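Visitor: Before I ask anything, let me first share the structure, which is written out below as structure tokens.
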Amino acid sequence: MEDLNDARTTLEDFFSVLPGNFVQPSPPLTRDTIYSTLATTWLGRRIELFDCLPSTNREAAQLAQAEVEHGTVVIADSQTAGRGRLSRTWFSPPGANLYCSIILRTARPPERLTEWLSWLPLISALAAAEAIEQVSSVHVSVKWPNDLLISERKVGGILCESGTGARSDPFQIIGIGINVNGDQDDWPVDLRDSATSIWQGRKIVVDRNRLIAQLLLELEQCLDELAVYGTNRIALAYCQRCSTIGITVRATLANGDMVVGLAEGIGQDGSLRVRPQVFHPGAGTPEVVHLRVADIIHVKS
Ligand code: BTN
């Protein structure tokens, strides 16, 4: 006869609600479950899944240096040193979210490589936004270049890095972090006003296995689109999702300079075109600036 106590213990383990944490119970990540829904052709044919890593991007870079194949995916249930853009850290508790890194080995002629590399973070954000919407029906917008927003709060981010392998062949890493089933009360105080999760936005629990499978499918489609047709169509899809375009932004540049102005659109190279605000009457119409690396705040619509 089946022992119900045993069954209950197993279910508690299965849903692993952590003491003191307000993580919504959700199924654990397993490779079998991911593969059972994965519909990609080449992306994620090899998946490396870990309970805990310092950073999936760091692990992915080590694997790439060891010549692992194009399209390999590294996933961790938690990270102890998750990295964000602009040298920030990425809050990565267990049992709740998605932390993954995708390894690409894309050879391109130098004149096309630069354009491809500058679009990689943007199309990754587009793919992640599409995936979240597919599995949760929550509308996700993108803040240039690659923040994922639900109701103007950050639900995820992308960190793209590149390097060269043992035989000097280039590789690229797309690191994606998505806040899935975590509750605001569980986050560090400094994140509570600016961050959100899918759970927080919609009060539905998302199976992370399904989300990663959908994410890899959307990303594969975006990468194939970029490779076959170039930037035109994908840029259009990105602009439709990007809530930065058409509003006033405050941009902090890499050298600390600040630009405040109207975000007019996206350049051919994925840069943000901003027309600086005129603070002095009679100063004339300022030249549009093209931002390549900047920290953006949406000021007003
Ligand atoms: C950002 O600052 O918005 C980018 C955050 C990227 C976080 C992800 S989590 C998986 C991968 N591994 C890391 O260490 N960082 C990225």
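Visitor: Within 15 Å of the ligand (Cβ to nearest atom), of a type outside the set (A, V, I, L, M) and touching a residue at least 12 places away in the same chain (Cβ under 8 Å): is that true of residue 201 in this structure?
Guide: Considered against the rule, which asks whether it is within 15 Å of the ligand (Cβ to nearest atom), of a type outside the set (A, V, I, L, M) and touching a residue at least 12 places away in the same chain (Cβ under 8 Å), residue 201 comes out as no.
Visitor: I've got another one for you. Is it the case that some residue within the stretch 103-115 is hydrophobic (A, V, I, L, M, F, W, C) and either within 13 Å of the ligand (Cβ to nearest atom) or modelled with pLDDT of 95 or more (or both)?
Guide: yes
Visitor: Still on this model: All but one of (1) at pLDDT 95 or above; (2) within 13 Å of the ligand (Cβ to nearest atom); (3) not aliphatic (A, V, I, L, M) hold for residue 85, so report the exception by its number.
Guide: Checking residue 85 against (1) at pLDDT 95 or above; (2) within 13 Å of the ligand (Cβ to nearest atom); (3) not aliphatic (A, V, I, L, M), the one that fails is (1).
Visitor: Here are some residues: 50, 15. Which one is aromatic (Phe, Trp, Tyr) and at pLDDT 95 or above?
Guide: Unique residue meeting the criteria: 50.
Visitor: A further question on this structure: Output the residues belonging to the stretch 176-210 that are among the aromatic types (Phe, Trp, Tyr) and assigned to a helix (DSSP H, G or I). Before you say what the answer is, go through the steps one by one.
Guide: The initial filter retains those residues of the stretch 176-210 that are among the aromatic types (Phe, Trp, Tyr), namely 187, 199.
Passing the criteria: only 199.
Visitor: I've got another one for you. So, of the residues in the stretch 213-255 that are assigned to a loop (DSSP other than H, G, I, E, B) and among the small types (Gly, Ala, Ser), which turns out to be farthest from residue 265 (Cα to Cα)?
Guide: 254
Visitor: Would you call residue 125 more than 10 Å from the ligand (Cβ to nearest atom) and small (Gly, Ala, Ser)?
Guide: no
Visitor: Is one or more of the residues making up the stretch 267-275 surrounded by 12 or more Cβ atoms within 10 Å (Cβ to Cβ), touching a strand residue (DSSP E or B) at 6+ places or on another chain (Cβ under 6 Å) and in a loop (DSSP other than H, G, I, E, B)?
Guide: yes
Visitor: How many residues does the stretch 151-172 contain that are surrounded by fewer than 23 Cβ atoms within 10 Å (Cβ to Cβ), in a strand (DSSP E or B) and either among the aliphatic types (A, V, I, L, M) or more than 12 Å from the chain's Cα centre (by Cα) (or both)?
Guide: Adding up the residues that qualify gives 8.
Visitor: Just to be sure, is residue 63 out of contact with any Lys or Arg (no Cβ under 9 Å at 6 or more places or on another chain), modelled with pLDDT of 55 or more, outside any loop (DSSP other than H, G, I, E, B) and within 16 Å of the ligand (Cβ to nearest atom)?
Guide: yes
Visitor: Looking at the stretch 253-270, is at least one residue touching a Leu at 6+ places or on another chain (Cβ under 7 Å) and either among the hydroxyl-bearing types (Ser, Thr, Tyr) or over 25 Å from residue 153 (Cα atoms) (or both)?
Guide: no
Visitor: From the list 183, 169, 207, which residue is more than 17 Å from residue 23 (Cβ to Cβ) and among the charged types (D, E, K, R)?
Guide: Result of the check over 183, 169, 207: 169.
Visitor: Now for a separate question. Within the stretch 126-148, is even one residue closer than 28 Å to residue 50 by Cα, without any contact (Cβ under 8 Å) to a residue 12 or more places away in the chain and either surrounded by fewer than 24 Cβ atoms within 10 Å (Cβ to Cβ) or among the basic types (Lys, Arg) (or both)?
Guide: yes
Visitor: Can you tell me which residues in the stretch 100-115 are under 16 Å from residue 71 (Cα atoms) and either touching a Ser or Thr at 6+ places or on another chain (Cβ under 7 Å) or surrounded by 15 or more Cβ atoms within 10 Å (Cβ to Cβ) (or both)?
Guide: Correct list: 100, 101, 102, 103, 104, 105, 106.
Visitor: I'd like the full set of residues that are modelled with pLDDT under 95 and polar (S, T, N, Q), limited to the stretch 116-136.
Guide: Residues of the stretch 116-136 that are modelled with pLDDT under 95, as a first pass: 116-118.
The answer is 118, and nothing else.
Visitor: Next question. Which of the residues belonging to the stretch 40-60 are within 15 Å of the ligand (Cβ to nearest atom), out of contact with any Ser or Thr (no Cβ under 7 Å at 6 or more places or on another chain) and among the polar types (S, T, N, Q)?
Guide: Answer for the stretch 40-60, where residues must be within 15 Å of the ligand (Cβ to nearest atom), out of contact with any Ser or Thr (no Cβ under 7 Å at 6 or more places or on another chain) and among the polar types (S, T, N, Q): just 55.
Visitor: On the basis of being polar (S, T, N, Q), surrounded by fewer than 17 Cβ atoms within 10 Å (Cβ to Cβ) and within 11 Å of the ligand (Cβ to nearest atom), does residue 37 make the cut? Write out each step before concluding.
Guide: Numbers: polar (S, T, N, Q): yes; surrounded by fewer than 17 Cβ atoms within 10 Å (Cβ to Cβ): yes; within 11 Å of the ligand (Cβ to nearest atom): no.
The answer is no for residue 37.
Visitor: Now a separate question. Report yes if residue 69 is within 13 Å of the ligand (Cβ to nearest atom), charged (D, E, K, R) and either in a loop (DSSP other than H, G, I, E, B) or more than 20 Å from residue 211 (Cα to Cα) (or both), otherwise no.
Guide: Against the criterion (within 13 Å of the ligand (Cβ to nearest atom), charged (D, E, K, R) and either in a loop (DSSP other than H, G, I, E, B) or more than 20 Å from residue 211 (Cα to Cα) (or both)), residue 69 does not qualify.
The values are calculated or read from the model by the stated rules, or taken from the named source; none is laboratory data. Note that this is a predicted model, so its numbers are computed, not measured. Virtual Cβ from ideal backbone geometry, glycine too; neighbours counted across all protein chains shown.
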